[in-house]
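So the structure is just underneath, and the comments pick up after that.
The values are calculated or read from the model by the stated rules, or taken from the named source; none is laboratory data. The structure presented is a predicted model; accordingly, all values stated were derived computationally and were not measured. With ideal geometry, Cβ positions are generated from the backbone for all residues, glycine too; neighbour counts draw on all protein chains shown. What goes into the accessible areas is simple: the full protein's heavy atoms, side chains included, and nothing from ligands, DNA or RNA. Shrake-Rupley method; radii C 1.70, N 1.55, O 1.52, S 1.80 Å.
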Amino acid sequence: MDFLQGLNESQKEAVSHEGGPLLVFAGAGSGKTRVLTHRIAWLIDQGKAQPYQILAVTFTNKAAREMKTRIEDLLGAQAASEVWAGTFHSVCAKILRISGEKIGLDRNFVIVDDDDQISLIKECLHELNISEKNYPARGVLSQISHGKEQLLDPESFLRKNTGRQEETVATIWRLYAKKLRDMRGVDFDDIILYAVRLLEEREDVRDNYQRKFRHVLVDEYQDINFSQYRFVELLAEKHRNITVVGDDDQSIYSWRGADISIILNFERDFPDAKIVKLEQNYRSTQIILDAAHEVVSSNENRADKKLWTENGVGKLITMWEAMDELHEADLVAQFIEEQVAGGRRASDFAILYRTNAQSRPFEEVFLHHKLPYRIIGGVRFWARKEIKDAIAYLRLIANDADNVSFRRIVNVPTRGIGATTIERLEDYAAVHDTNLWNAATSKDVLERIQPKAGRALQGFSGAISLLRDKARNLPVSDLLKETLEESGYLKTLEQERTMEAQGRLENLQELVSVATLFDTQAEDTSLEAFLAQVALVSDVDALEDDAQAVVLMTLPAAKGLEFPVVIMTGLEEGIFPHSRSLYDSRQLEEERRLCYVGMTRAKEELYFTYAFRRMHYGASNRSSLSRFVKDIPSQYFDNPPKAEPTAWNTSAVLTSRAPVSNTGSQFREGDRVAHAKFGKGVVINSTGSGDEEQVTVMFAGGVGLKKLLLAYAKLERATNGAHAGSDPAGDSEAVGSVEDPFFRD
């Protein structure tokens, strides 16, 4: 079989490289897996190596399975089974099972999973009397993990990092390591760390594996971290037959340790390396490739290359400007409905966004349109843990008999209220035929449990009682903000300092925005009404994730996938690029690479959306167009982005979800106003102008104080009352007083 047949010239050059270091820059959609597997087959066919003398490593189990399947198709089952092909972790674990005893590692070591790791860290915190509030287990584990990726132990970690927090983390790390040793356990980072240590410390083992593996091949080399780099470097040291395949323009995982400098410095590490660039793309149109190049080529730290294709020029990019995030979702939903009616399949469409929180308006609008969707690599907004936790707090505030919500949040965040205390509460509730809340506030129960747990329980019930009192007068959005603060939920996530915690915070901010819209739009703005609405919106269990559904996912989750039509949403400064990256050049370059990845997922058509205004943590803010869109010359768009955004007349927006415009209104303190739902009121304060004017009004009839955004709330100037400043009688009555004749029916 000719393993070069059907390859283009660059692919042939990479596959048939005789030996020595080889770096293959494989652009998006350029057939890198094909090159990698054909090279393995070619090496065996040419007698350069036996199957068992080849090591091929990649990052994910999915990629490893695909590699093995393709090798089997090329070589047959027997030869394919002898090739060492797998993830870094599976290969290193195999080596440790065989030779790990030579550095004192038990042959039957146990690999602890994520939940086990968190449990062990919590044990360490408890034994060391360290507060988990100040040192969240997830955050501590993240720091230890990053240290191990750099091949550090607690002592070398301290030499590189000084400070009280680092000293505490090192102390926890030492005890955590001891606990792992005692249980003959290793975590995922240990697997690679110990494999490197084995090769570094035992010359006999290193020599054995260097002789064994005549060729080492690495996929997705742009995603490699330092410990993985050191592992393959040690194995390839003798024969120097190392082939690495990757694309620096698709390096988007620095937050989990990936170091783009490793692929960019390959020629420095191997001065005699051969460089091959795979620049022919088999996926996208030329318009898409050229526009993506305009974005990523602004990065300084990249290898020079430019993709081309024989697929044709293709359609120009379409740019949609929406009034806000709900209008944005409506535009997308209507477009997809029209396309599906015209013959497209729903599964042809992928909606990409920067953060998980951005899925919420799309989920809501798609449910409204009865448009099937599925979320890839994530969880539906209303099913996310932090959202369910926050709603559980509100449910318990509204109803002290809600035992399900009580159980969910009584120790979230961690307060030291353990399973034993919960059992005591449940026993008391069962005997006295009452609920858990009453049990938790009973003096009898508090006297029978450990003092520490009792104090924690009193603190929890005190906070809920305080919030319950405030709920009588606060809008739901303000109550939610106070709940997240008072409960310590926000503080715990902020202290964790992980990407996962940051994502959870963004989701909670989105929930506050949902509550703010509810406060300004609902007829009944009570807490109970909000919880009823949430229950209806979040009940999407009947929605099946079938193949004929629109795909929703974050941009990082889209890597490695492709779709006929891609719609990239939220292309605004602070959204994408993310606000965290705006003042860090390295992070900004990674954001630009992420944009490149998103654009090159599209096979046939690419669409951008941008919101003129977006709700963030309950406040509606003006947006500015993403710099990434501005990087693309106008000739690539069928409707080039405007220099100035549209002056939105919201009454022209889609009627299915459109807020009502009131752009001509200007309100001042003391103005008498009327609202269709809340009745008569007096303006207390007004900020902004036009659609962005936000008015605080005191309404009569027990309605109380409301904050209204004029883009969403139709607020009219009352005809039976003058402005306070022009009242000939001097308007001696207090603003909003029931004695004011304006408030009489």
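Points worth noting:
- Close pairs (8 angstrom Cβ cut-off, 6 or more residues apart or separate chains): among the charged types (D, E, K, R) in the stretch 325-345, assigned to a helix (DSSP H, G or I) and surrounded by fewer than 22 Cβ atoms within 10 Å (Cβ to Cβ) anywhere: E337/H369
- Qualifying residues in the stretch 329-356 (those that are open to solvent by 10 Å² or more (accessible area, probe 1.4 Å) and β-branched (V, I, T)) - the one farthest from P372 (Cα to Cα): T355
- If you check T420, T434 for being polar (S, T, N, Q), open to solvent by 20 Å² or more (accessible area, probe 1.4 Å), outside any helix (DSSP H, G or I) and without any contact (Cβ under 8 Å) to a residue 40 or more places away in the chain, only one passes: T434.
- Residue ID - farthest from the chain's Cα centre (by Cα), chosen from residues in the stretch 274-323 that are of a type in the set (G, A, S), part of a loop (DSSP other than H, G, I, E, B) and within 30 Å of D584 (Cα to Cα): A303
- Of all residues making up the stretch 158-181, the number that are among the hydroxyl-bearing types (S, T, Y), open to solvent by 30 Å² or more (accessible area, probe 1.4 Å) and part of a helix (DSSP H, G or I): 1
- Options D469, D524; residue that is among the acidic types (D, E) and over 20 Å from F406 (Cβ atoms): D524
- Contact map, the stretch 462-485: first residue acidic (D, E), second residue not in a helix (DSSP H, G or I), Cβ cut-off under 9 Å, separation 6 or more or different chains; pairs are D478/G618; D478/K707; E482/L474.
- Here is the figure for the stretch 581-615: residues that are outside any strand (DSSP E or B) and either out of contact with any Phe, Trp or Tyr (no Cβ under 6 Å at 6 or more places or on another chain) or at pLDDT 95 or above (or both) total 21.
- Only a single criterion out of (1) in a strand (DSSP E or B); (2) open to solvent by less than 10 Å² (accessible area, probe 1.4 Å) is not satisfied by A28, namely (1).
- In the stretch 439-453, the residues that are surrounded by fewer than 17 Cβ atoms within 10 Å (Cβ to Cβ) and assigned to a helix (DSSP H, G or I): K443, D444, E447, R448, P451, K452
- Considering the stretch 264-279, the residues that are in contact (Cβ under 8 Å) with a residue 12 or more places away in the chain and farther than 13 Å from D247 by Cα include one that is surrounded by the fewest Cβ atoms within 10 Å (Cβ to Cβ), namely D272.
- Pairing residues of the stretch 99-124 that are closer than 27 Å to E200 by Cβ with residues that are among the polar types (S, T, N, Q), at Cβ distances under 8 Å and at least 6 apart in sequence or on separate chains, gives S99/N208.
- Within the stretch 182-232, the residues that satisfy the criterion of being of a type outside the set (A, V, I, L, M, F, W, C), open to solvent by less than 50 Å² (accessible area, probe 1.4 Å), part of a helix (DSSP H, G or I) and under 20 Å from V24 (Cα atoms) are Y221, Q222, D223, Q228, Y229.
- Once the stretch 357-383 is narrowed to residues that are aromatic (F, W, Y) and part of a helix (DSSP H, G or I), the residue that is most open to solvent (accessible area, probe 1.4 Å) is W382.
- Checking G139 against (1) open to solvent by 10 Å² or more (accessible area, probe 1.4 Å); (2) of a type outside the set (A, V, I, L, M, F, W, C); (3) touching a residue at least 24 places away in the same chain (Cβ under 8 Å), the condition it does not meet: (1)
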